[in-house]
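Note sheet for the following structure.
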Amino acid sequence: MGRWNTLFKKYKRSSIYHWLARTWTRIIIIGLRDSDSDWDKRRIRLLNGICAMGMLALTVYCVSYLNPTYILTFWESFQGLVAYAFVMFLTSRHRFNLACHVFNLYNIASYSFQAISHGNVDGVEYILVASSIASMLLFKELWIIIFYFLLNGLAFAICKYSFTVMKPFLFMANGDNVYASNHVLMFVILFLIVYYFKSENKQQEKLLEDKNTNLADEKQKSDNLLLNILPGETAEELKQTGAAKPRSFKMVTVMFTDFKDFTLNAEKIPADELVSEINHYFSTFDLIMDKYNIEKIKTIGDSYMCAGGMPLENDSHPIDVVAAALEIQEFMRRQKEEREACFELRLGIHTGPVVAGIVGSKKFAYDIWGDTVNVASRMESCGEVGKVNISGSTYQLVKDRFSCTYRGRVAAKNKGAIDMYFVEGPIENNAPA
């Protein structure tokens, strides 16, 4: 047995096997298009396969019985060859339903006539059994399946009954040979039906596996996209319940950035270059936010807004945000040294309570609200290029970690005078990790 397995594996690797496999594949997909339904693809592959094998067998019959003695068998085989070829012609013209009906009606009419006229000498009536099974796989409508099943059964019963009350009126000199040939043909048809089930199940399992893989990939893509828009906890709540409740945070640290004279500089730069330039800066800002576990909230034109201490609350958010702000300004300083054209940045920070939530029904937007946001915006607008400007409330939380310079009480639009500080850098031997 092992020797035969080895020989078969060797045969499957041969060029002959691959040529036969390609040829068979080309035959069974005759007439099929990508736009056809899965149902049409399955049944026409089966129909083409049965007709192709039938034509092969009938061709052998025609050649074997090309003799005056067996002229009747020759013509019966030849008309079957023509009939199956016509069925495949119909499939090539995309007349799938008509092809299936012609196939079934031909089998019933032709093999019933042969059985009645020849008697039980050739056993041709048993092909009607295979035909009834095939009809179940070629039609979707239940009434058509039942119709052909009953018609095949009735024809088979008539053929068997006629042998008991009448004698065949056509002489079959080679009855034994035809009997054996017809049984071989019937078993070939049954084999194709079983093979069809096996191959279709395998193909469907592969398609299902591919679809599941694709669905998992698409789900991962959609999850990643959602996480690019919303914080993880909010995105998960939205997936689970279809909505996300607003949430209050007692203490977060909000940072705003804004490029100096952006509008004036933007007028001098082509639009595509401007977008590329902004993307260059904001992409680096994003990396810095990830490094310090700070939540990016949004960008508004050339303004970048983020907050520490949310959605996962922590006690280190003032230090994290200030450290990130210093790193951003250091990045901007290096850019100015390395590049001829470079934007300059103001940056402001304030700490206090906010409310966070989702707004919008079509394009979700995660945002934060509260006086803390307004004050943080004023810290930015009252700051200076290259500096990290923080409020008095933020200073009280970071003064032991960072060296700061008091600016006094600076007037802020609609907020009055506010204590402001410039952060100079980490206190020596106390720099954040």
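The values are calculated or read from the model by the stated rules, or taken from the named source; none is laboratory data. Remember, it's a predicted structure, so these values are computed and weren't measured experimentally. With ideal geometry, Cβ positions are generated from the backbone for all residues, glycine too; neighbour counts draw on all protein chains shown. Side chains are part of the model used for accessible areas, which takes the heavy atoms of the whole protein and leaves out ligands, DNA and RNA. Shrake-Rupley method; radii C 1.70, N 1.55, O 1.52, S 1.80 Å.
Data for the structure
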| item | result |
| --- | --- |
| Condition met for residue 418 (part of a strand (DSSP E or B), under 52 Å from the mean Cα position of the chain (by Cα) and within 14 Å of residue 351 (Cβ to Cβ)) | no |
| Subset of region 59-71 [surrounded by 15 or more Cβ atoms within 10 Å (Cβ to Cβ), in contact with a helix residue (DSSP H, G or I) (Cβ under 7 Å, 6 or more places away or on another chain) and of a type in the set (Ser, Thr, Tyr)] | 61, 65 |
| Filtered residues of region 375-404 (kept if touching a strand residue (DSSP E or B) at 6+ places or on another chain (Cβ under 8 Å) and free of Cβ contacts under 8 Å to residues at least 24 places away in the same chain) | 404 |
| Residue check for residue 346: of a type in the set (Lys, Arg) and in contact with an Asp or Glu (Cβ under 9 Å, 6 or more places away or on another chain) | yes |
| Test result for residue 242, on the phi > 0 side of the Ramachandran plot, surrounded by fewer than 14 Cβ atoms within 10 Å (Cβ to Cβ) and at pLDDT below 75 | yes |
| Extreme residue, farthest from residue 256 (Cα to Cα), among residues of region 362-420 that are open to solvent by less than 40 Å² (accessible area, probe 1.4 Å) and among the acidic types (Asp, Glu) | 367 |
| Single residue of region 355-388 satisfying the filter (more than 24 Å from residue 284 (Cα to Cα) and touching an Asp or Glu at 6+ places or on another chain (Cβ under 9 Å)) that is modelled with the lowest pLDDT | 359 |
| Residues of region 54-113 satisfying the condition of being in contact (Cβ under 8 Å) with a residue 40 or more places away in the chain and not in a helix (DSSP H, G or I) | 65, 93, 94 |
| Single residue of 139, 96, 74 found to be crowded, with 16+ Cβ neighbours inside 10 Å, farther than 14 Å from residue 51 by Cβ and modelled with pLDDT of 85 or more | 139 |
| Selected residue [modelled with pLDDT under 95 and within 19 Å of residue 253 (Cβ to Cβ)] from 313, 273 | 313 |
| Residue 84 at pLDDT 80 or above and either farther than 16 Å from residue 203 by Cβ or hydrophobic (A, V, I, L, M, F, W, C) (or both) | yes |
